[in-house]
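Engineer: To start, I am sharing the structure in question, which I have written as structure tokens.
The values are calculated or read from the model by the stated rules, or taken from the named source; none is laboratory data. As the structure is a prediction and not an experimental result, all values here were calculated from the model. Backbone-built Cβ (ideal geometry, glycine too); neighbour counts: all protein chains shown. Accessible surface areas use protein heavy atoms only, side chains included; no ligands, DNA or RNA. Shrake-Rupley method; radii C 1.70, N 1.55, O 1.52, S 1.80 Å.
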Amino acid sequence: MRLQKIQDYLKEKNIKYQYTEEDDCGSVDFEYRGIFYNVWEFPEPERGAQANVRTGGRQEEFYDDYEAAIIDVMKHWQ
């Protein structure tokens with residue numbers, strides 16, 4: 001299972017989500033305060049993720065410890 005830290009964070013916050021995995025890449029889709037968000041991973045060798053958690057309408061790429069970076073953005077949601 002991929003994106004485990006993000007799934008754990010969403011469970012902790014009681015946010016329902018849908019998880020999908022294909023070709024060793026995870027994808028998480030969820031709704032928060034009426035806005036739909038998604039996080040999906042890039043395959044190797046450029047492992048990373050793309051998400052719209054900072055601005056609901058625009059995708060942004062995260063690399064290195066991408067799960068921690070994405071969770072950090074979500075922790076600052078009001």
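Engineer: Looking only at region 28-63, count every residue that is free of Cβ contacts under 8 Å to residues at least 40 places away in the same chain, open to solvent by less than 80 Å² (accessible area, probe 1.4 Å) and part of a strand (DSSP E or B) and tell me the total.
Structural biologist: Of the residues in that region, 18 qualify.
Engineer: Here are some conditions: (1) free of Cβ contacts under 8 Å to residues at least 40 places away in the same chain; (2) touching a helix residue (DSSP H, G or I) at 6+ places or on another chain (Cβ under 9 Å); (3) open to solvent by less than 40 Å² (accessible area, probe 1.4 Å). C25 meets all but one. Which one does it not meet?
Structural biologist: Failed condition: (2).
Engineer: Here's a check for you: in region 1-24, which residue that is of a type outside the set (S, T, Y) and in a strand (DSSP E or B) is nearest to I71 (Cα to Cα)?
Structural biologist: Q18
Engineer: Condition first: among the small types (G, A, S) and either touching a Ser or Thr at 6+ places or on another chain (Cβ under 8 Å) or within 16 Å of V73 (Cβ to Cβ) (or both). Now tell me which residues in region 1-47 satisfy that. Outline the logic, then answer.
Structural biologist: Initially, region 1-47 is screened for residues among the small types (G, A, S), giving 26-27, 34.
Result: G26, S27.
Engineer: If you don't mind, there's one more thing I want to ask. E67 is checked against (1) part of a loop (DSSP other than H, G, I, E, B); (2) buried (at least 16 other Cβ atoms within 10 Å of the Cβ); (3) touching a Lys or Arg at 6+ places or on another chain (Cβ under 9 Å) and fails just one. What number does that condition carry?
Structural biologist: With respect to (1) part of a loop (DSSP other than H, G, I, E, B); (2) buried (at least 16 other Cβ atoms within 10 Å of the Cβ); (3) touching a Lys or Arg at 6+ places or on another chain (Cβ under 9 Å), E67 is out only on (1).
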